[in-house]
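Written below as structure tokens is the structure these notes are about.
Every read-out reported here was derived from the displayed coordinates using simple, explicitly stated rules and does not represent laboratory data. Source: prediction; values computed, not measured. Quick reminder, even Gly has a Cβ in these numbers, built from the backbone with ideal geometry, and neighbours come from all protein chains shown.
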Amino acid sequence: MVRDAEITDVQTCVVNGNFDWTLVRVYTDAGIVGIGEAILGERVADIAADTIELLRGENPLNVSRLTELLYRRLSYTGGNAGGVTAAISGVEIALFDLTGKLLEIPIHQLLGGKFREDVCVYVDSHAGAHLRSAELNDESVFSPTAYADAAEAVVEDGFDAMKFDLDAAEQFQEDVWNRHLNTHAVSQKANIVKAVTERVGDQADVAFDCHWSYGTDSAIRLARSIEDYDVWFLEDPCPPENAVVPAAVTTATETPICTGESLYRASGFLELITSQSVDIVQPDPPKCGGLRETRRIAELADLYEIPLALHNVASPIGTLACVHVAAACSNFLALEYHAREVEWWGDLIGGNPIDGKAIPVPDAPGLGVDLDLDVVESHLSDGETLFDEM
Ligand code: MG
């Protein structure tokens, strides 16, 4: 156990996965390195690396104080939202990993311990031409049968929860700018929901994502049109920034409404939760502010008996960070797995952490996994250089 380490460097590598995976390493004079991840690319990586100017010489065990320092010193340039908050999220996760390694305990223990031994995942299964069962011609990629076939393939792979994009077929909308769904577009989407839910029956929970595409009236009509089917949740049918909009949708339908991946920090969720404008909250830990902010969002939601889903498009590093905070939150529901089609995803940590339909919560120190730098090097984004070894 080491109690008096000092931070010596912060380095980043952007890995070219199905998203830009921004990996962060925080180095110490104790020869122990912490690993974290932030969402989305080089600009975020630069911001994360620059935090060394505020962290050099600090004791990494003071995770909350150091993270708060970054928020406050970077508040003018985005410490409460956007790329700066994403960058701080990656550094914060690395500080938690580092603290766990220095104290020789897993991150979930630093968050109060675990409610569960396994964290269940749901498979993001995309839409249209990106459906996994996609030996499909252009005319059939958005057919209800194509979605149902893809859903069946997910179940055959052993999963019991999944999500499809329901907003992908813009050709069914007459005008995407006015956020309006005409009757034909609503029917087209309802037919997809019907085909998928009837195909999987009670073998899987199925959610549908709309990426904030629709106005209040269209979102309500869409949500009502799928009430007869067994929908797990409808994600982001409308923009969430003005809480009265999702509130109107949520109160007008029996379909559970979920939102949160576009919001930052606990303050970004405050009105949404206290006004009970959604049925499920869905922060993205390597984006929304890190594990402490995710925990604050979860506890705020828990006061209203609102469950927590975690949005996630990360490498296994960010995903394992989600696993630790998910284990530590009583109201956790499910964690997104967005990389089923990336065959080398698990190789970054020496093997896919998913066992069946869940990820066992690691008990090794910190995140409980190590980064395979050879795999990182073989998938670096253009212009990126590998981390220093130590
Ligand atoms: Mg989404």
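Ranked from largest, the principal axis spans of the Cα set of region 292-359 equal 39, 21, 16 Å. Compute the separation of the alpha-carbon centres of region 258-293 and region 351-366 and state it in Å as a whole number. First find each Cα centre; the distance between them is then 25 Å.
Since only L70, V325, H184 are under comparison, the one whose Cα sits farthest along the positive direction of the charge dipole of the chain, derived from C-beta charges on Lys, Arg, Asp and Glu, is L70.
Let's test the formula: R0 of 45 Å, r as the Cβ-Cβ distance of V176 and D118. What FRET efficiency results, to the nearest 0.05?
Working: r = 40 Å, r/R0 = 0.89.
After rounding to 0.05, the efficiency reads 0.65.
In summary, the lysines within cross-link reach of K114, defined as a Cα separation below 27 angstrom excluding same-chain residues under 8 places away, comprise K101, K163, K287, K357. For the chain, the longest principal axis of the alpha carbon atoms and the long axis of helix 291-302 meet at an angle near 40°.
Remark on region 110-360: ratio of C-alpha radius of gyration to 2.2 N^0.38 Å is 0.97.
For K189, a cut-off of 13 angstrom between C-alpha atoms picks up these aspartates and glutamates, skipping any fewer than 8 places away in its own chain: D165, D167, E170, D209, E227.
Taking the alpha carbon gyration tensor of region 250-352, multiplying each eigenvalue by 5 and rooting it gives semi-axes of 26, 14, 11 Å, largest first.
Over the residues of the chain, the helix contribution to mean residue ellipticity at 222 nm works out to -11000 deg cm²/dmol, using -39500 (n - 2.57) for each DSSP H run of at least 4. Could you tell me whether region 65-105 comes out rounded, prolate or oblate from its Cα gyration tensor? Rule is a ≥ b ≥ c as square roots of the eigenvalues, rounded for a/c under 1.5, then prolate if a/b exceeds b/c, otherwise oblate. Cα axes put region 65-105 in the prolate bin. Taking H placed 1.01 Å from N in the peptide plane, check which residues at least 5 places from A207 or on another chain put their amide H under 5 Å from its amide H. Long-range HN contacts for A207: M162, K163, F164, W232, F233.
The phi-based Karplus calculation (6.51 cos²θ - 1.76 cosθ + 1.60; θ = phi - 60°) puts the 3J(HN,Hα) values of region 360-377 at x, 6, x, 10, 6, x, x, 5, x, 9, 10, 7, 8, 5, 5, 5, 4, 4 Hz, whole numbers, x for Gly and Pro.
A P(r) calculated from all alpha carbon pairs of region 141-255, with 10 Å bins opening at zero, reads 15, 48, 30, 7, 0 percent. Anyone know which of W232, W21, W177 comes out most mobile in the 10 Å Cα GNM of the chain? Highest fluctuation of the listed residues: W177. Remark: the chain carries a charge dipole of roughly 1240 debye about the Cα centre, counting +1 on each Lys and Arg Cβ and -1 on each Asp and Glu Cβ. Taken one residue at a time, the phi angles of region 3-15 give Karplus couplings (6.51, -1.76, 1.60, θ = phi - 60°) of 10, 10, 6, 10, 6, 10, 6, 10, 10, 10, 9, 9, 9 Hz. Gly and Pro are set to x. This ranking places F96, F142, F159, F115 by how few other beta-carbon atoms lie within 10 Å of each, fewest first, which gives F115, F142, F159, F96.
Ranked by Cβ crowding within 10 angstrom, fewest neighbours first, how are E389, E343 ordered? Present the calculation step by step, with values, prior to reporting the outcome.
Numbers: E389 6, E343 9.
Ranked by crowding around the Cβ, least crowded first: E389, E343.
The overall shape of region 195-295, judged from the alpha-carbon gyration tensor, is oblate: a/c is not under 1.5, and a/b is no greater than b/c.
Seen through its C-alpha gyration tensor, with square-root eigenvalues sorted a ≥ b ≥ c, region 192-240 comes out prolate because a/c lies at 1.5 or above while a/b is bigger than b/c.
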